[in-house]
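I have placed the structure first, in the form of structure tokens, so that the comments after it can refer back to it.
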Amino acid sequence: MKKWIADCDKKHTAKNKDQPNCNPKRSGMRLPTRLIYVGSVGKATKIHLDCSDTRDPGLKYIALSHRWGYPRDDDEWTDSDGKAKNFCTTNDNLVEFMDPQLGIDFAAMPKTFRDAIEVTRGLGLEYLWIDSLCIIQNQSDNADFNAESRRMRDVYNGAYCTIASTGADGTTDGFLNKKEDRACVRIETTRKVLDGKTPDSIDDKPCTVYVCDAIDDFKRDVDGSDMATRGWILQERALSRRTLHFAKNQVYWECGAGVCCETLTRLFNRRATFMSDPDFPSQAGKYLKGMKIKFYESLYQHYSSLNFSVMANRAVAMDGLESKILTTFLTKGAYGIMDGEFLHRSFLWKRQEPLPEGAMHQIPFRKNDPTPPSWSWMAVSGKITYLPVDFDTVDWDTYHVLSPFRNTVDMLGVVADSQLVPIKAVARDINWKTVSSKAETLFLDREPVPRGIPGLKCVVMGTKKERPRAGGGRLDDSTFRFPVLLVAPKDLPAGYSGTPLYERVGVGKLEDHQMEAEPLEKQWVHIS
């Protein structure tokens with residue numbers, strides 16, 4: 001492992017233009033608010049949290065990426081009600097954990113944390129970042145979590161290296177466990193060598209060859225691991241400039257130059273290219289618009305399929321990733337929606353699975369949680385995909401669909417909740433007489449029957465791109481299906497008299513005759 005890191009330190013730098021720059025870029029980054037001081041091998045020291053202002057800004061630290069959770073049948077880590085007892089920093093033990101004399105009891109830690117400390121020391125570093133210890137947990141207002149979770153981008157991107165407990169099923173499993181012996185076959189044979197008698201004289205020299213099963217399978221061991229199904233892990237891996245994956249069968253080294261195995265094999269694959277990109281997503285930034293759209297749709301679709309212990313975290317667990325995507329694509333946005341040339345397609349997400357199994361349910365956000373608007377797929381649980389709209393076939397309507405980011409000017413990146421405004425759009429009634437009772441082109445997030453939603457309307461996102469017909473005239477638009485948002489009225493606050501308030505309830509495609517004629521006075525609505 002030290003050899004992998006030393007090789008990466010030496011070759012993968014900004015000075016070597018032929019190689020990716022995997023070394024952490026710390027300029028402009030603050031150190032994490034808290035780091036765990038672990039000391040060094042053979043040095044008696046008390047492990048404790050260090051949040052002093054005197055720390056060297058260039059200090060090197062390791063970040064741990066791990067799966068939360070404990071076995072339900074582990075009495076040591078569950079209470080009398082069978083609930084997990086997480087080993088974490090709270091308001092009650094914060095002062096003790098920060099005290100260099102009292103500190104954190106190494107023996108009391110779950111094995112995954114102890115193993116991470118051993119690896120950090122073994123790599124010659126004295127500082128480690130673990131989310132559950134470096135972020136104060138279980139606060140009634142989630143104040144520290146809400147603040148620190150927004151800084152994940154810098155924590156992982158600024159780490160000297162990330163340790164991933166990929167093969168561990170939970171926090172108590174650990175990852176420095178004995179691997180199963182590999183069966184092998186011994187073959188006695190010979191190999192031809194120069195015998196030195198003459199320049200061309202060759203002799204057969206006895207040798208032994210060992211043949212065993214191949215174990216190099218990064219797709220299975222890392223991409224296909226149970227840990228990879230967890231929502232927070234996607235961001236942690238993508239933002240890390242380089243990672244040591246402690247899988248069940250072996251350790252893998254992942255950096256911008258590819259993947260190295262304990263067997264001395266080097267692997268490369270397209271998915272690893274993006275996840276290994278030390279400046280994620282710089283490679284996608286070189287794409288043309290269509291490929292950029294495919295990139296973010298694929299990423300968000302994958303993220304929506306991942307699991308969370310607390311579903312409210314779906315809205316923040318890729319905040320750092322989203323920030324990097326937005327700045328790389330030179331735009332702004334929030335909650336999985338991108339502004340500018342990506343805006344209208346971003347709105348056209350839909351449930352991936354048929355009803356009732358695929359129904360998307362409102363996430364019960366906690367007090368002080370960032371709460372996405374209804375137009376974001378982060379406001380609901382469930383897998384998403386996107387309404388298929390061929391490229392270069394639609395003129396997106398920027399006059400009758402106004403961006404929720406319109407109050408921010410000359411800005412890139414994630415827009416704060418305080419700066420978001422409702423979508424302002426023109427809504428039209430649906431001509432239900434012309435819409436099939438099955439409504440195969442309408443996709444509601446939760447309800448199976450569109451007609452069952454009182455006041456349901458549609459917002460036309462774009463019109464058919466005008467193309468001249470060969471020989472003169474225009475193409476027939478009568479069968480063109482307009483991409484639409486489906487919206488329903490919200491309960492209005494007492495005394496409210498402004499623009500009608502609506503919420504998004506689905507998407508679809510409708511032909512012109514399936515919508516009522518637009519009245520002379522357009523019906524503007526706010527979608528929040």
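Numbers at a glance
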quantity	calculated
Criterion: of a type in the set (D, E, K, R), in a helix (DSSP H, G or I) and under 22 Å from the mean Cα position of the chain (by Cα) - qualifying residue of ARG366, ARG345	ARG345
Single residue of region 254-284 satisfying the filter (of a type in the set (Lys, Arg) and either closer than 19 Å to ALA228 by Cα or under 17 Å from the mean Cα position of the chain (by Cα) (or both)) that is modelled with the lowest pLDDT	ARG271
So MET378, is it outside any loop (DSSP other than H, G, I, E, B), in contact with a Gly (Cβ under 7 Å, 6 or more places away or on another chain) and of a type outside the set (S, T, N, Q)	yes
Elements of type strands (runs of 3 or more DSSP E) in region 1-66, at least 3 residues being under 27 Å from the mean Cα position of the chain (by Cα) and within 15 Å of THR162 (Cα to Cα)	62-65
Residue list for region 138-167, filter: outside any helix (DSSP H, G or I) and basic (Lys, Arg)	ARG150, ARG151
Residue match in region 66-76 (condition: buried (at least 16 other Cβ atoms within 10 Å of the Cβ), over 30 Å from ASN249 (Cβ atoms) and either modelled with pLDDT under 90 or not acidic (Asp, Glu) (or both))	no
Selection count where residues are in contact with a strand residue (DSSP E or B) (Cβ under 6 Å, 6 or more places away or on another chain) and farther than 19 Å from GLY122 by Cα, scope region 1-48	3
Qualifying position, being open to solvent by less than 90 Å² (accessible area, probe 1.4 Å) and modelled with pLDDT under 90, among PRO450, PRO422	PRO450
Tally of residues being farther than 21 Å from LYS294 by Cβ and open to solvent by less than 20 Å² (accessible area, probe 1.4 Å) across region 371-406	8
Flag if ALA359 is small (Gly, Ala, Ser), under 25 Å from GLN283 (Cβ atoms), in a loop (DSSP other than H, G, I, E, B) and in contact (Cβ under 8 Å) with a residue 60 or more places away in the chain	no
Every residue from region 499-525 that is of a type in the set (A, V, I, L, M, F, W, C) and either in contact with a strand residue (DSSP E or B) (Cβ under 7 Å, 6 or more places away or on another chain) or under 20 Å from GLN352 (Cα atoms) (or both)	LEU501, VAL505, VAL507, LEU510, MET515, TRP524, VAL525
Every residue from region 131-173 that is surrounded by 24 or more Cβ atoms within 10 Å (Cβ to Cβ), within 18 Å of the chain's Cα centre (by Cα) and of a type in the set (Val, Ile, Thr)	VAL155, ILE163, THR166
Filter result (within 22 Å of HIS66 (Cα to Cα), among the hydrophobic types (A, V, I, L, M, F, W, C) and part of a loop (DSSP other than H, G, I, E, B)) within region 274-323	PHE280, LEU306, PHE308, VAL310, VAL316, ALA317, MET318
Residue within region 375-389 that is farther than 24 Å from GLU440 by Cα, in contact (Cβ under 8 Å) with a residue 12 or more places away in the chain and either touching a helix residue (DSSP H, G or I) at 6+ places or on another chain (Cβ under 6 Å) or of a type in the set (Ser, Thr, Tyr) (or both) present	yes
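Okay, residues lined up against (1) among the hydrophobic types (A, V, I, L, M, F, W, C); (2) within 25 Å of GLY320 (Cβ to Cβ); (3) part of a loop (DSSP other than H, G, I, E, B):
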| site | (1), (2), (3) |
| --- | --- |
| PRO388 | no, no, yes |
| ASP395 | no, no, no |
| PHE405 | yes, yes, yes |
| THR408 | no, yes, yes |
| MET411 | yes, yes, yes |
| ALA425 | yes, no, no |
| ASP429 | no, no, no |
| LYS433 | no, no, no |
| SER436 | no, no, yes |
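Conditions (1) under 20 Å from ASP369 (Cβ atoms); (2) of a type in the set (D, E, K, R), marked per residue:
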position: GLN101; (1), (2): no, no
position: ILE117; (1), (2): no, no
position: ILE136; (1), (2): yes, no
position: LYS178; (1), (2): no, yes
position: ARG182; (1), (2): no, yes
position: THR189; (1), (2): no, no
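The values are calculated or read from the model by the stated rules, or taken from the named source; none is laboratory data. These numbers were taken from a predicted model, which means no experiment stands behind them. Glycine also receives a Cβ, built like all others from the backbone with ideal geometry; neighbour counts cover every protein chain displayed. Ligands, DNA and RNA are stripped out before the accessible areas are found, and what is left, the full protein with its side chains, is counted by its heavy atoms. Shrake-Rupley method; radii C 1.70, N 1.55, O 1.52, S 1.80 Å.
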